[in-house]
Number of protein chains: 2
Amino acid sequence: MNGAESLVATLVDRGVDICFANPGTSEMHFLAALGGNPRMRSVLCLFEGVATGAADGWYRMKDTPASTLLHLGPGLANGLANIHNAKRASSGMVNIIGEHSASHLKYDPPLNSDIEGLARPLSHWVRRAQSSSTIAWDTAQAVNQASAHPGQIATLILPGDTSWQQAGETALPPAAPAARKAPSAARVEHIAKVLRSGEPTLVILANKATRGAALERAGRVAAATGARLGSQFFTARIERGAGRVPIERIPYAVPQAQAFLKGFRHIVTVETGEPVAFFSYPDKPSLMKAEGTQVHRFVEADEDSAAAFEMLLEALGATKTAPKLQERVRTAVPSGALNPTSVAHALAAALPEGCIVVDESLTTGRESMGLTMGALPHDLINNLGGSIGYGTPVATGAALACPDRRVFCPVGDGSAMYTIQSLWTQARENLNVTTIIFANNSYAILKAEYANMGAGTPGARALSMIDIDRPRIDWLAMAKSMGVPGVAVDSAEAFHKAMVDSTREPGPALIEVRL
Amino acid sequence: MNGAESLVATLVDRGVDICFANPGTSEMHFLAALGGNPRMRSVLCLFEGVATGAADGWYRMKDTPASTLLHLGPGLANGLANIHNAKRASSGMVNIIGEHSASHLKYDPPLNSDIEGLARPLSHWVRRAQSSSTIAWDTAQAVNQASAHPGQIATLILPGDTSWQQAGETALPPAAPAARKAPSAARVEHIAKVLRSGEPTLVILANKATRGAALERAGRVAAATGARLGSQFFTARIERGAGRVPIERIPYAVPQAQAFLKGFRHIVTVETGEPVAFFSYPDKPSLMKAEGTQVHRFVEADEDSAAAFEMLLEALGATKTAPKLQERVRTAVPSGALNPTSVAHALAAALPEGCIVVDESLTTGRESMGLTMGALPHDLINNLGGSIGYGTPVATGAALACPDRRVFCPVGDGSAMYTIQSLWTQARENLNVTTIIFANNSYAILKAEYANMGAGTPGARALSMIDIDRPRIDWLAMAKSMGVPGVAVDSAEAFHKAMVDSTREPGPALIEVRL
C-alpha cells in the first residue's frame, strides 16, 4: 500500500466515501488509489469550483463531509470561492491538494505556489503531509476536523513522493466524539426569563436549528411563549413546507429588514449572531435591529440546539406544548406573464414532496420564496457566503447525496455562468437536478444596488457592465452542449409544466425562464 | 471627484486604460467612475478567471499592464489561477479588489474574508487603500509596481467608503523609470569567454529576450560563435516564423529534454534559469541538464537583454555579424486524417502574416509546434504557469491589445472548459479570435503522465476520471450558446479551410477539431 492508497483507505474507513475531483499529473497515484478502492466513489468535475461546491451540497444533505481532489495551488484557488461559501454555511469538507515532491520544490517549478498561504484564509485546518507512513494519521485528523460541529474546512497537502512511497500500518487517532456541548443552565434560565416577560421576541434560528428535533422544539417554545421564529435571509438548510414549523425570513434589503426587526424588544440567537447588512452602504447602518432591542446569545455555533431547546422547554414548563405547524396551501397553477409572483406560485404548485430547492435566484426568485411556505414539505438551501456560482455545484452534490429526491436549482443567468460546467457532471452522473435559469440577461440585482449605494441611475456605459444581453446567452444550446435536455418557457403555465415534466424521468433537465 | 473617480483617473493618467471587470454591489461607485471616464475602456467578463487571463494577454502584447476589477475575496480567488499564470509569465497587472467599508468589516458580513491573505501568495505588491484622499497615490504606486521589469502583480484593495468619499487633489509619486539594469562588464566578459571557447553552448532565451532587438542580437551572437539558441518549453511570447531568428525548444518530457541537453558543455541563461522538469516523477531528475554541463547566468530577470547582447557583441567583436534567419517554409495544405503532424501542417499553411498564436494545446498541438517555424512571421504565446484555462482568456486580451491582428487559440477540450466564458466576451467585443478546440474527449496528456509517474496503465475506474467523453461536449452548441459561430472539422483540409475562412470576416470563430 502506498501513501495515496493509505489516504483513500483512511477516508473511506472514516466515512468519507465520495471524492469530487479534477486531477493533474501530480495526482496520478491518487487517481490510481481512487480507482483501486471500490468503496470510494469518484466524481469528475470539469472545474474545481464545481468540485468544492458539490462537496458543500453533499454536506448540506448528509451532515458528513465529502472530499475533493485539487491540482496544486491553482487548482485549490479555482475551488476557493465555493470553499468560502461552504465555510460560511458551516459545511465540513476534506480537501486533498496534490503537490510536488519536496525534492522538486526547491527548483520552483512552474506550478509551484504557496499552497498553505492560499489555503489558510479559508480553511480551519491546513496540514502538509510529511511522509507516506503518517498520511493515514493526517487523513483521520482531517476527517475529524471536517466532521466537527460546526463543520470545518480541512485542507491536506499531499506531496508526490508522499503519495507514491510505501506506507506501513499506522495507529489512528480516535474518531471525533459525536456529542455536542449544551448551553449552561444559567444561560437557559436567562432566555426563559426573557421569553416569560411576554415582550416581543424574535428567536433567530440557523444552521442545524432550522430542521429536525431542534426546529420542532423551537416551534413548541414559540407556541408556549408567543415568541416568533425567524431566520437570517440565508440559511444552510431549512426543512419547510406543509407540516413543518414555519420560520419567518428577515428581509435582505436594509430598510425592509429594519422595518421587520423594529417591533422586537428582544432578539434571541441560535447558532448565529444578530442580523448584519450584507454590504456596507453610504447611508445605511451595518446592524439592522432597532435601537433598544436587546440581543441574547442562546446557542453558540458549536453547541447543540436540539438539546438547548429541550432544556428551555423544561425551564418554561412547556414540554407538552404542541408547535404550530405550517398549513398546506394549495396553490393554483398560475398562467400568463412571468413575474416574481407567478414564478413563485408555479414553483409552489410544482414542488413534489421531499424535493430539495437549492436557491441561487437573486432578482427573480429569492424575494418571493415566502410564497412556497405552504408547498409540500421540502428542503431549502441558500448561499451564506455571497459568492455567486454556488447554486449549480451545490445542487450537483445534493443530488448525489440524495439520489431519490429531485433537486430544483433556481438560479440567475449571471450566477449560473460562473460554474456552468456543473451541467456536464449532472449529465454524466444522470443526476435528478432541474436547473431553472432566470434569464433576465442582466446582473439585475446590481441595478437596484447601484441606486441603494447612492450612485444614482446607471448611465449607458455603467449599464453595459451590468447587462449581459449582448449577446444573449442561448441556454438551450448551453444545456445541449453538455448533454442536458433543455426547454425554454415564456409563460407561468409553461414554466409549471416544464418543472413537472422534468420530474417524470430520471436525470438532469434545464428550464430557461425567459423574463 | 470621489475616491473611485480619483482611482480611475490615475489609472488612465498613468497609461492603464483598460479594465477587465466583473463587478458586484461593493463596486458600484467604481462602476460609475469607469462609466464616467471616457478614456477608460471597460470589458465585462462573466467569470473572474477570464478577466485576469485577459489582463495577462493584454500585457503579453502591449508590455504595459491592464487593470482588473474583482468583487471581494471570492472574486479575487476566482481570478487567482490566471494571476498565477501571469506571474509566471512576468506579466504586469493591476488588480482592484472591492471590499466592505472598514466600519462594516468588524461585523464579519457574509462576503468577508482575508483579502490580503488571499492576494499575497500570488501578488508582488498588496495594499489596502486607507482613504479617498490618498487613493491616487496608492494607484500610481500600483501602476509603477506592475510596470516594472519583469512585470509585477499589484493588488489594491478598495474599501467601499474609500470609493465613495470625496478625494482632493493629491501629489503623485513619479512614474517608474523606464531604464533597465544591464549586466556588469565582468559578467559579459565571462560569457564572451565561454562562447569563445568553442565548446557546445546553449543560450536559453526567455521573457523579453525572445523578440525584438534582443532576439536579433542573440542571433548575431549565435552566428558569430556557433552557440545555439534555445527556449524553455514555455515562453511568454516569441517572435517567430520566416525572417526571424529561430529558437530551438527544449522538450517537455524529461527523457527527451535530457537527450536534447546532453550535448551541451555550457548553458547560458537569459532572463531565466536552467531547465527544470515541470513535475516531479518517482524515477526522473528535477534538473534536466547533463552531468558536467556548466550553467552561466548571463542576464537576470530584471535586466535588459537587448543591452546585454549589445555589450556581448562588442566584447566578441561581432557587431557586424549577420544573424541566421529562419527561411520561409511553404507548407502544402495537408489532407486526410487529423493527427498532430497534419494539424501542425494545416496550421503552418494557414497562419496569416502578423497573427498571434496563443497555444494551450497539450496532447495534440504543442509537441508539433516546431513544424510552424517556417510559417509567415507571427507571435507565439505559451502558458508558463501550468494552470489550465489560460488560453481563451489570454487570447481575449491579446485580441483587444492588437485589434488589427487575428489571434489563433489552439486549446485542448479539457483546458477550454475551465474558462469557456471567454467566448461570450469575444462575441460581445467582436474580437478577432479563432478558437481551435482539439476535441479528443479526454485529458489525454494525463494518460501519458499516468505511465510517466510509474502508476502503470490506468484501469477502467481511473480512466473514467481522465476521459471526458461521457457525455461528449457539443462544441458547436457551446459556441452558439455564447454567440460565436462554430464549425466542426474531421479532416486536415477541412481544418485548414476553416482557419482560412475564419480570417475573412472580423469577429470570433470556433473550430472543433474532431480527433
Picked from the range B:474-491 (must be assigned to a loop (DSSP other than H, G, I, E, B) and over 23 Å from B:Val358 (Cβ atoms)), the residue farthest from the other protein chains (Cβ to nearest Cβ) is B:Ser491
Determine, yes or no, whether B:Leu261 is crowded, with 22+ Cβ neighbours inside 10 Å and modelled with pLDDT of 95 or more.
no
Take A:Leu400 and tell me if it is of a type in the set (A, V, I, L, M), at negative phi, facing chain B (nearest Cβ under 10 Å) and open to solvent by 10 Å² or more (accessible area, probe 1.4 Å).
no
Exclusive hit being within 18 Å of B:Phe264 (Cβ to Cβ), under 32 Å from the mean Cα position of the chain (by Cα) and not basic (Lys, Arg), set B:Ile157, B:Ile204, B:Ile153
B:Ile204
Quick check: anything in the range A:146-163 open to solvent by 50 Å² or more (accessible area, probe 1.4 Å) and assigned to a helix (DSSP H, G or I)?
no
Those strands (runs of 3 or more DSSP E) lying entirely in the range A:1-113 with at least 1 residues open to solvent by less than 10 Å² (accessible area, probe 1.4 Å) and acidic (Asp, Glu):
A:93-99
Filtering the range B:51-100 down to residues that are over 12 Å from the mean Cα position of the chain (by Cα) and acidic (Asp, Glu) yields B:Glu99
For the range B:231-241, does any single residue satisfy the condition of being of a type in the set (S, T, N, Q), more than 22 Å from B:Ala322 (Cα to Cα) and surrounded by fewer than 20 Cβ atoms within 10 Å (Cβ to Cβ)?
no
Between a residue in the range B:2-17 that is of a type in the set (Ser, Thr, Tyr) and any residue that is assigned to a helix (DSSP H, G or I), which pairs come within a Cβ distance under 6 Å, given they are 6 or more apart or on different chains?
B:Ser6/B:Ile135; B:Ser6/B:Ala136; B:Thr10/B:Ala136; B:Thr10/B:Thr139; B:Thr10/B:Ala140
I'm trying to understand the selection: among the residues of the range B:5-32, which are away from chain A (no Cβ under 11 Å) and of a type in the set (A, V, I, L, M)?
B:Leu7, B:Val8, B:Ala9, B:Leu11, B:Val12, B:Val16, B:Ile18
Check whether at least one residue in the range A:172-190 is under 18 Å from A:Ala66 (Cβ atoms), more than 12 Å from chain B (Cβ to nearest Cβ) and part of a loop (DSSP other than H, G, I, E, B), and report yes or no.
yes
Within the range A:230-280, which residues are over 21 Å from the mean Cα position of the chain (by Cα), within 29 Å of B:Ser113 (Cβ to Cβ) and assigned to a strand (DSSP E or B)?
A:Ile267, A:Val268
Report, by residue number, each residue of the range A:197-222 that is closer than 18 Å to A:Leu384 by Cβ and without any contact (Cβ under 8 Å) to a residue 40 or more places away in the chain.
A:Thr210, A:Leu215
Could you tell me whether B:Ser368 is in contact (Cβ under 8 Å) with a residue 12 or more places away in the chain and farther than 25 Å from B:Met61 by Cβ?
no
Being of a type in the set (Asp, Glu) and touching a Lys or Arg at 6+ places or on another chain (Cβ under 8 Å) narrows it down to one residue among B:Glu303, B:Glu314, B:Glu360, B:Glu291; which is it?
B:Glu303
For residues in the range B:434-473 being over 30 Å from B:Val254 (Cβ atoms) and open to solvent by 40 Å² or more (accessible area, probe 1.4 Å), which is nearest to the other protein chains (Cβ to nearest Cβ)?
B:Arg470
Taking B:Thr341 as the residue in question, decide whether it is among the β-branched types (Val, Ile, Thr), open to solvent by less than 30 Å² (accessible area, probe 1.4 Å) and closer than 25 Å to B:Leu384 by Cα.
no
Matching residues in the range B:282-305 - criterion: being touching a helix residue (DSSP H, G or I) at 6+ places or on another chain (Cβ under 7 Å), buried (at least 21 other Cβ atoms within 10 Å of the Cβ) and away from chain A (no Cβ under 14 Å)
B:Phe298, B:Val299, B:Ser305
Which residue, of B:Val203, B:Val126, is modelled with pLDDT of 95 or more and closer than 25 Å to B:Val299 by Cβ?
B:Val203
Scan the range A:129-140 and give yes if some residue there is within 14 Å of chain B (Cβ to nearest Cβ), within 30 Å of B:Leu384 (Cα to Cα) and among the aliphatic types (A, V, I, L, M), otherwise no.
no
Cβ-Cβ distance below 7 Å, separation of 6 or more or different chains: which pairs start in the range B:315-341 with a residue that is in contact (Cβ under 8 Å) with a residue 24 or more places away in the chain and end on one that is surrounded by fewer than 13 Cβ atoms within 10 Å (Cβ to Cβ) and of a type in the set (A, V, I, L, M, F, W, C)?
none
Which of the residues belonging to the range B:16-31 are at pLDDT 95 or above and small (Gly, Ala, Ser)?
B:Ala21
Has the range B:413-422 got any residue that is at the interface with chain A (Cβ under 7 Å from one of its Cβ atoms), among the acidic types (Asp, Glu) and part of a helix (DSSP H, G or I)?
no
Has the range A:370-381 got at least one residue that is in a loop (DSSP other than H, G, I, E, B), at pLDDT 95 or above and surrounded by 24 or more Cβ atoms within 10 Å (Cβ to Cβ)?
yes
Is at least one residue of the range A:116-139 assigned to a strand (DSSP E or B) and out of contact with any helix residue (DSSP H, G or I) (no Cβ under 6 Å at 6 or more places or on another chain)?
yes
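The values are calculated or read from the model by the stated rules, or taken from the named source; none is laboratory data. Bear in mind the structure is a predicted one, so any value in this text is a computation, not a measurement. Cβ: placed from backbone, ideal geometry, glycine included. Neighbour counts: every protein chain shown. What goes into the accessible areas is simple: the full protein's heavy atoms, side chains included, and nothing from ligands, DNA or RNA. Shrake-Rupley method; radii C 1.70, N 1.55, O 1.52, S 1.80 Å.
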